[in-house]
Each structure stands twice: as C-alpha cells, then as structure tokens.
Amino acid sequence: MTTSDIAAAMHRVGSVMRRRPEMAIDDDVQATACWSGGLRVVTRHASGAQVVTDMPRELGGTGDQVSPGWLLRAALASCAVTRITMAAAAAGVELRTLEAVARSRSDVRGLLGMAAADGTRVSAGPGDVQLVVRIGAPGISAERLRALVQQSCRYSPVSCAMEDAVPVALHVEVEAA
C-alpha cells in the first residue's frame, strides 16, 4: 500500500468510528499456542500463519527458534513501526527510513521461580524495556519527526498494553483423564 492508500483507509475507518463508536470495540484475533514437545511451542493465527518458539539451550531448549520473550520485544517494535507509519501517512509524510529496536533486561531467576537473596519475589518479566526508533523523511524537521514518533507510541496497542500493565484473566481447563 502507498502512503495515500494508508491515509485513505485510516480516514474511512475513522469516519465510521465517529458515526458508530460501538463498532470500534471488537474481539482481537486469538493466538492459540500448542506444546510441540520439549520446550517448543507452535502458536497459530486464524489465518493459518504460525510462529514457532523454543528456549535457549542453557534453559533446556534447542535454541533454534525465537523465544517467547523475543516475541514480546518483536511485537513492541513492529507495533510501533506500524503505528508510526500510519501517523506519517495521515500527516502526508513520506518516510525514507523507519526502524525500531526493542531491548530489555531480564532476571532469569524469575523464570525459574527463584527469590532474591533477601527473599523477595524476582519478576519473570523484563525489568528494563527500551524502544529506540530511527526515522527519516525528506524535508521534515527532526522536531516534527520526534513529535510524530512520540505521539504514535502513545497510541501503539502493544506499547499501551505494556505501559498500562493490562491484567491477564487466567482460566484453567483440565482435561478429564
């Protein structure tokens, strides 16, 4: 799609949502993850697309696939790039360069259910998340591009989910033996 195609699609959807805001809320496409032996997991999308994850060798996996934690960083980076592209299209900005790098630091003790030396719980989640965006557009000032990125990231669903710490409702279904 071209920048003008993206802008037109956003305009159409925005127009409908202003007239019929009840249409804006819908169930997201579910992700179904199935254990595939060892620490390998195959996660499927309704479209048939799938992603295979595994853990590094040091943690008992094969190390030949991405880890679930990497998918979180990939989701953060790709969602930010998508949202920035949408905002640029809506503003008539023709991008030359757009790249996002998501980094984090984690404490493996949390994954292993271990406590810190003082007995406090160690989180299994990342303790430090950074998103670095590199952007360029001919004839657009650095200030305007920074503002575009900052505003876009405020409306990026994955970034919002992480920053708002959306609670996860856990439901367990046990198969009969």
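The values are calculated or read from the model by the stated rules, or taken from the named source; none is laboratory data. Keep in mind that this is a model prediction, so the values were computed, not measured. So basically every Cβ, Gly included, is an ideal-geometry build from the backbone, and we count neighbours across all protein chains shown.
Annotations for the structure displayed:
- When Arg134, Arg96 are checked against the criterion of being at pLDDT 95 or above, charged (D, E, K, R) and touching a Pro at 6+ places or on another chain (Cβ under 9 Å), a single residue qualifies: Arg96.
- Filter result for Gly63 (touching a helix residue (DSSP H, G or I) at 6+ places or on another chain (Cβ under 7 Å), over 30 Å from Thr97 (Cα atoms) and of a type outside the set (Ser, Thr, Tyr)): yes
- Of the criteria (1) in a loop (DSSP other than H, G, I, E, B); (2) in contact (Cβ under 8 Å) with a residue 60 or more places away in the chain; (3) aliphatic (A, V, I, L, M), which one Leu148 fails: (1)
- Within region 98-114, tally of residues that are loosely packed, with under 12 Cβ neighbours inside 10 Å, under 23 Å from Pro167 (Cβ atoms) and aliphatic (A, V, I, L, M): 0
- Selection within region 31-63 - touching a strand residue (DSSP E or B) at 6+ places or on another chain (Cβ under 9 Å) and not in a strand (DSSP E or B): Ala31, Ser36, Leu39, Arg40, His45, Ala46, Asp54, Gly61
- The criterion of being at pLDDT 95 or above, under 26 Å from Met10 (Cβ atoms), touching a Lys or Arg at 6+ places or on another chain (Cβ under 9 Å) and not small (Gly, Ala, Ser) does not hold for Val81.
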